Amino acid sequence: MPGSEQLIRMLCRGSSMSPTLKLTDVLFVKPCGGGTIRCGDVVVFNRPGRSLPVVHRVVRQDVLGMRTRGDNNDSLDPDYLEECDITGLVLYRLRETGLDRVHGGRLGTLIGAMIRFRRDLEKRFSYIFRPVYHWLASSGILRRWPFHPLGTKVICFEKNGAHELRLLCGRRLMGEFVPELHAWRIDRPFRLFVDESSLPKPQPRIDRATEVT
């Protein structure tokens with residue numbers, strides 16, 4: 001890996017850049033402060049109110065600054081960024097399949113556009129087949145042997161003093177626990193194979209200073 005002594009390792013902890021970056025990928029980041037950033041580059045930056053850095057793709061540059069978006073997100077990030085806000089440029093990702101280059105520039109822009117196009121197609125097809133999908137999910141037919149996939153596991157992260165639960169099949173993110181709803185959100189098509197009621201839930205935090213009578 002060229003210049004590996006200058007790269008910083010980071011662990012991917014979210015799904016907003018899927019499938020370019022997946023949960024638990026190891027990222028190799030080149031520190032940059034005010035360096036030249038192009039549209040299509042995958043960059044690391046800090047967002048106000050968040051303790052962890054954000055890794056998203058630059059999708060637009062104009063006189064107001066840069067706009068970013070996760071490859072798996074529907075909308076742009078809310079803030080404009082200056083080059084001085086960018087702390088790193090993601091060059092490589094490491095997963096079980098090996099070490100791969102994370103492309104930026106024109107090729108990165110094309111990759112991001114193709115991912116969004118595929119997601120749009122999936123949404124249109126899912127709208128057509130939604131009634132059948134919901135019936136299969138509620139019936140639980142595909143949760144029975146031999147349809148049920150093997151190798152599912154729940155992993156726990158600690159973030160901002162709270163526990164976050166993720167459901168994986170191998171290295172594929174299937175869903176996550178949403179604390180605000182106190183419920184699991186399972187991605188399509190995995191709801192066909194997962195019984196959400198069987199998944200663990202973290203206990204809600206109790207204020208010790210509150211006395212109930």
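Nothing in this text is a laboratory measurement; each read-out follows from the coordinates by a stated rule. Fair warning: this is a prediction, and the values are worked out from it, not measured in the lab. Glycine gets a Cβ as well: all are built from the backbone with ideal geometry, and neighbour counts include every protein chain shown.
Please list, ordered by chain and number, the residues whose modelled amide H lies under 5 Å from the amide H of His56; skip anything fewer than 5 residues away on the same chain.
Correct list: Val43, Phe45.
Using the eigenvalues of the Cα gyration tensor, what equivalent ellipsoid semi-axes result for the stretch 4-112 when each is taken as the square root of five times the eigenvalue, whole Å, largest first?
20, 15, 14
Applying the Karplus parametrisation 6.51 cos²θ - 1.76 cosθ + 1.60 with θ = phi - 60° to the phi angles of the stretch 48-63, what ³J(HN,Hα) value in whole Hz is obtained for each residue in order, glycine and proline being reported as x?
Karplus values, whole Hz, x for Gly and Pro: x, x, 10, 7, 9, x, 9, 10, 9, 9, 6, 10, 7, 9, 8, 5.
Run the dipole for the stretch 4-112 about the Cα centre, Lys and Arg Cβ at +1, Asp and Glu Cβ at -1, nothing else charged, and hand back the magnitude in debye, nearest 20.
About 200 debye.
Between Cys169 and Leu110, what is the FRET efficiency for a Förster distance of 22 Å, r being their Cβ-Cβ separation, to the nearest 0.05?
Efficiency, rounded to the nearest 0.05: 0.15.
By count of other Cβ within 10 Å, fewest leading, how are Cys12, Cys84 ordered?
Cys84, Cys12
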